[in-house]
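Worksheet for the structure shown next.
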Amino acid sequence: HDLSFAGKLNLLYIVLHAGAVVFFFICSYMLTTRLLSSLFASFILAFGAVFWFQSLIAEVFPLNTILISIVIFLLLVWKCNRKKYQKDNKLLLLSAFIYGLAVSNQQASLLLIPLILFVIFKGDRKIFLDVRLLLGGAILFCLGFILPYMYVPIAAGRDPYLNWENATNLNGLYRVITRRVYAEVSQTGAAYVTFNQLSIDKASAQIIPFIKYLMNNFGLFYFSLGILGLFYLIKRKETFIWQFILLGIFCTGLFFAVYAPINWQATEWDDFNIVIMSHQRFYTVSLFFYSFLIAFGINMLLDQLKKFKKTVLAGTLAIL
């Protein structure tokens, strides 16, 4: 009770990121089926430089991270337990509502749509022909999206110290929802994605900085472990899992990196805090997905260790 309002707010966001790590652990265990791999990867995610730093900032991103992690958790439970949950599809409807909340909190979450459609398609493609279910999901998504905004006019009517757009009427609320202020100051004249500004040369040039971003968070060793985890999945023909992870990384980080490139001429590599305080805070959820690869990299090491033990045991028995 001795914390100031700012302190309580910062504590809330620490709890939100901690909650996201818990959901990561559960999702990782569902995919890897190994407790040790999931637990270790969870610690790597939690104590990563960028992920840790973002949990200390009272911004929209920690809330976005845990909402997206809940959506991923619900989709994976539905996908991995087909016989039990695909009959009523309540988990899909709940995930639609949570996803609406996530988009309301951070509209860049719309970029996750290809991943969500991919999981549903792999789980039960017949759902795309179920008009009743699709309509119910759309209604719940819209409900989740609009509910937080219903409070905005109430809060604005109290004449707070900070009153963005003074949304006490429909026009002000419309400007808040559509982010008109961003469109008015944007060089493209739009607050959202405009594909006419995409350039293949500029986009490809941002792949290396994004990889360095991942390396800065995890460190060279754990980043390399993630690469090994990818090869491990491909070798074991775990097609859905590695496609799911790579698509997640693209939707939650790489796309934004190539769409809104950072001017590295104005930002030195050593000035890391300035970088992650601007563009790279939008990449936070990609750390969630890359940690899955690290978990499978640990799986690979454990498999090799098991083979080594068997080899040593066999050699010892042969000598005896």
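Descriptive notes on the structure:
- Flag for Ile208 being assigned to a helix (DSSP H, G or I), at pLDDT below 85 and open to solvent by 60 Å² or more (accessible area, probe 1.4 Å): yes
- Among residues of the stretch 169-182 that are open to solvent by less than 40 Å² (accessible area, probe 1.4 Å), those with a Cβ under 7 angstrom from a residue that is outside any helix (DSSP H, G or I) and of a type in the set (Gly, Ala, Ser), sequence gap 6+ or separate chain, pair up as Leu173/Ala167; Val176/Ala167; Thr178/Ala191.
- Helices (runs of 4 or more DSSP H) enclosed by the stretch 91-156 - at least 3 residues per element that are touching a residue at least 40 places away in the same chain (Cβ under 8 Å) and of a type outside the set (D, E, K, R): 113-124, 131-150
- Hits in the stretch 157-169 (condition: in a loop (DSSP other than H, G, I, E, B), touching a helix residue (DSSP H, G or I) at 6+ places or on another chain (Cβ under 7 Å) and among the polar types (S, T, N, Q)): Asn163, Thr168
- Filtered residue count, the stretch 21-69, keeping only those that are farther than 23 Å from Ile241 by Cβ, of a type in the set (Val, Ile, Thr) and in contact with a helix residue (DSSP H, G or I) (Cβ under 6 Å, 6 or more places away or on another chain): 2
- Test for Asn216: is it surrounded by fewer than 18 Cβ atoms within 10 Å (Cβ to Cβ) and at pLDDT 85 or above: no
- Wholly enclosed helices (runs of 4 or more DSSP H) of the stretch 239-320 bearing at least 1 residues modelled with pLDDT of 80 or more, surrounded by fewer than 18 Cβ atoms within 10 Å (Cβ to Cβ) and acidic (Asp, Glu): 284-319
- Close pairs (6 angstrom Cβ cut-off, 6 or more residues apart or separate chains): under 10 Å from Met300 (Cα atoms) in the stretch 220-237, of a type in the set (D, E, K, R) and surrounded by 14 or more Cβ atoms within 10 Å (Cβ to Cβ) anywhere: none
- In the stretch 5-60, residue modelled with the lowest pLDDT [restricted to those that are open to solvent by 70 Å² or more (accessible area, probe 1.4 Å) and not in a helix (DSSP H, G or I)]: Leu56
- Looking only at residues in the stretch 119-146 that are out of contact with any helix residue (DSSP H, G or I) (no Cβ under 8 Å at 6 or more places or on another chain) and open to solvent by 70 Å² or more (accessible area, probe 1.4 Å), the one that is nearest to Leu75 (Cα to Cα) is Arg125.
- Top-ranked residue of the stretch 61-80 - restricted to ones that are out of contact with any Ser or Thr (no Cβ under 9 Å at 6 or more places or on another chain) and of a type in the set (A, V, I, L, M), ranked as least open to solvent (accessible area, probe 1.4 Å): Leu76
The values are calculated or read from the model by the stated rules, or taken from the named source; none is laboratory data. Just so it is clear, the structure is predicted and the values come from calculations on it, not from any experiment. Reconstructed Cβ throughout: ideal geometry from the backbone, glycine too, with neighbour counts over all protein chains shown. We work out accessible area using only protein heavy atoms, side chains counted, and drop any ligands, DNA or RNA first. Shrake-Rupley method; radii C 1.70, N 1.55, O 1.52, S 1.80 Å.
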